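Notes for the one structure printed next.
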Amino acid sequence: MTRLPTATRTDHSDLAIEVVLSGGRISKLEVYRGLGVHEVWGWKHGRILVFVLVGDRYRPAPRSRLFPDLDLDRLVTFVDFDRQTEAARAGGRRCTASRRAGILQRAQPTANAP
């Protein structure tokens, strides 16, 4: 895992999240580049796309440099809903299921247990 330097106050943002609602004539990546944003996430067709500023242009990246351990595919399962209520209920069900799985996992005897 790559460690980021200690956060310092800067005149620009490290991350922008763009929800792509429709195509436009203005390249939003160019706007973010001009603002000095290091990383842009875009939401398009049910996916999170990551663009990282390399030199003077953005390049697609398979994962975030700012959050390298974040599973973007899993994150999509929390945001890809038509209604917020549906998303909240589904998230609650996933948390409950994860908690139950963790409890069951801890309850299993291990090979080193007496």
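Quick note: the coordinates plus some simple rules give every number you see, no bench work behind them. Please read all numbers here as calculations on a predicted model, not as lab measurements. Here the Cβ positions follow ideal geometry from the backbone for every residue, glycine too, while neighbour counts run over all protein chains shown.
See the values below:
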| item | result |
| --- | --- |
| Label-to-label distance, nm, for residues given as residue 85 and residue 97 (7 Å Cα→Cβ offset) | 2.2 nm |
| Taking 39, 18 and counting other C-beta atoms within 10 Å, the order from fewest to most | 18, 39 |
| FRET E, pair residue 19, residue 67, Förster distance 25 Å, beta-carbon r, rounded to 0.05 | 0.90 |
